[in-house]
1. Counting only residues 5 or more places away or on other chains, whose amide H sits under 5 Å from the amide H of residue 407 once H atoms are built in the peptide plane?
2. Using only alpha carbon pairs under 8 Å that are at least six residues apart, calculate the relative contact order of the chain and give it in whole percent.
3. Which angle from 0 to 90°, rounded to the nearest 10, does the C-alpha axis of helix 236-252 make with the longest principal axis of the chain?
4. Over the range 228-348, with the other protein chains present, what is the accessible area per residue in square angstrom, probe 1.4 angstrom?
5. Please determine, in degrees from 0 to 90 and to the nearest 10, the orientation of helix 259-268 with respect to the longest principal axis defined by the Cα atoms of the chain, where the helix direction is its Cα long axis.
6. What full-extension length gain, to one decimal in nm, is calculated for residue 538 and residue 351 as 0.36 nm per residue of separation minus the Cα-Cα distance?
7. Could you provide, to the nearest whole Å², the per residue accessible area of the range 127-168 with probe 1.4 Å?
8. Probe radius 1.4 Å, ligands and nucleic acids ignored: give me the carbon and sulfur share of the accessible area of the range 460-540 as a rounded percent.
Amino acid sequence: MKIPVGAVLPIAPWVAPRAALRGVQDITSESALSVIRAAGASASCEWFQQPLDHKNTTRGTWQQLYCVNPQWWAGPGSPVVIMTPGETPITTAINSGRGYSYLSNTTMSGTYAEALGAAVVVLEHRYFGGSSPYDGFNSETLQYLTMEQAAADIVNFAQNVTFPFDKEQTSVASKTPWVYWGASYSATLGSWIEHFHPGVFYAYHLSSATVEVNTDNWYYYDTIRKGIDTYRKDTKCSLALNEVTDFVDSFLLAPSVNETEVEALKQYFGSAFAIADDDFAYAVATPFRYWQETGGYRDVLEMCESVVGSSDTEEHKVLGTVPASVANYAAYFRMNFRDSTCAYFDVWGQEDPLWCLNTHDQLNPFFEARTLGNPWRTWYWFLCNEPLESWATGAPASQPSIVSRKIDSQYWQRQCEMHFPPQNGQKYGSSNGKTPDSLNKQTGGWLRNSTRVIWTSGEYDPWRATSMSSEVRPGGPLQSSDNVAAFVIKNAEHSNDAFTPRALASLNMKVNPEVVKVQEQSLELMKKWVSQYLVEKMAT
């Protein structure tokens, strides 16, 4: 089945009938033209041929999509800035209609290109968007979706690409400084490249990179809890949310679970269909996942106003006295989240508004869909295979928790087998003995050395505990030196430094002066590093 460039299949319960490499992509289709239009008039989009397996190039090749904007490129031998959108299709990264584009100076990648006289490139990640060796994703075809292979893709591209405006290859990575910009997972991937392929890229800006993975990442929700307290300037909401957790867990985690009471609890929160206890616990926690989205913290703070808005308790014939915090949260969940949690998968037309959270039914289309239109599946492969894990869980009993402790690492790990049953003897990594500890040993984790890397993280980024700015890192957050800059951005969340004030204006978002300050410092440092390269090159 041949998919045109940039096309994303509707999510459907389709399974690839064979493990066959895809053919050369169609560059005249409407979907291809839509990608080109999204890139803008000054940019061009091309295919770059990659080996399926960089360790064994005889296994075949596939086509990887990239878009490049030479608007600020100063001519032959000028620098290049590159980023990959990581676990999302390229169209989400280059479409200025969304309010920003990584090909323009509405983002840091474009801002770097403008300041350095560089071309800026967005390279689609293997197995996402239209850049996939296969049409169908199972434990066999996904064997080549690894961070090691993805890193090798980017290195191969940097060393061998022929840009339409640079036919003589004067700006490949061996001849001019390439700067890697990445946020979130793409920053994590950049840290792999810096560690395993030193010298290919001259400098990096890695925003919210996960460098030390773990199994129980309870810090995820705990960081959100601390952010809520800071932004509200009180603890009323977090204490109320902890009360909600205690109430829910008093039923779900009771020494002797009363099924009648548990069913009444689920109905109280709006469940109209059967749902397992752990899936219910996660459903109730879904509002907090918005925190890491751009501007999503505002939704959580808005929810807080409802949670603390009334002090009226309720009397329930089965649950007994329901605290005001629980009554308020349940009402807000029923009104704002119950019907929207799975809405973005509504192509299946399921009746149950929480159907996509059913992790106990192997026939759930969420687990059956193995097409290019289900990017969650390919992202989950990373979590299970590398394994990146770092599962977001409830806090230990000794700590306050804004989500149920029923959400534990086993809840997430169990879904690996649901998504990826063995296929022709092939399995995912964590089922073959790979662990977060083995991955950290391979990469060096927090204790790795780096050269010309800018590490940034928001003070209230839920992924901060896995980053170089982690307070649980041995010795505390990484300190800046001549070759490394480490910034913890006050009152910032996940990868807030990706967007410039121009983008924030388009998104109707408030500018954080602390973010701007770090962006300006990063820009000056990057200009200094790149100028040093050019001076050294001229001297030789």
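1. Hits under the 5 Å cutoff: 394.
2. 19 percent.
3. Taking Cα atoms only, the helix is inclined about 70 degrees.
4. 47
5. For 259-268 against the chain, the angle is about 60 degrees.
6. 60.6 nm
7. Heavy-atom SASA per residue in the range 127-168 reads 25 Å².
8. Working: 2300 of 4240 Å².
Carbon plus sulfur share of accessible area: 54 percent.
The values are calculated or read from the model by the stated rules, or taken from the named source; none is laboratory data. Only a predicted model underlies this, so the values are computations on that prediction, with no experimental measurement involved. Glycine also receives a Cβ, built like all others from the backbone with ideal geometry; neighbour counts cover every protein chain displayed. Remember, those area values only see protein heavy atoms, side chains included, never the ligands or the DNA or RNA. Shrake-Rupley method; radii C 1.70, N 1.55, O 1.52, S 1.80 Å.
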